[in-house]
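Values in this text are rule-based calculations from the coordinates and carry no lab data. Quick caveat, the model's predicted, so the values are computed rather than measured. Every residue, glycine as well, gets a Cβ built from its backbone with ideal geometry; the counts of neighbours run over all protein chains shown.
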Amino acid sequence: MRDDIRSNYFSNWNNNSYFSKYQETKKIEVQHLGITIMFVIAPLFSWIVGTLYGKSEGSGFAAIGVLIIMFPILFIVGVVLFWIGD
């Protein structure tokens, strides 16, 4: 009786459905990370870095320049992560 329970328990580890569920979970996590980077981290981080750089340089144009350069780069990173998770 005990051997039958052990064999059933360990046979589930060889089942491919366990690994496919794990892969689906990882894909969903990567998609969520991509969406978070696109809509939360990219605007906030580029604004903070641009503002700090603009204050240190004493120029609003420098702040906007950094923001314009950083935001699309981070947004594209988020799109790529979302695309990988698809």
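Worth pointing out:
- Some residue of region 54-71 being touching a residue at least 24 places away in the same chain (Cβ under 8 Å), within 14 Å of the chain's Cα centre (by Cα) and part of a helix (DSSP H, G or I): no
- The residue pairs whose first member lies in region 34-49 and is under 11 Å from Ile73 (Cβ atoms), whose second member is aromatic (Phe, Trp, Tyr), and whose beta carbons are closer than 7 Å, counting only pairs six or more residues apart or on different chains, are Ala42/Phe71; Ala42/Phe75; Ser46/Phe71.
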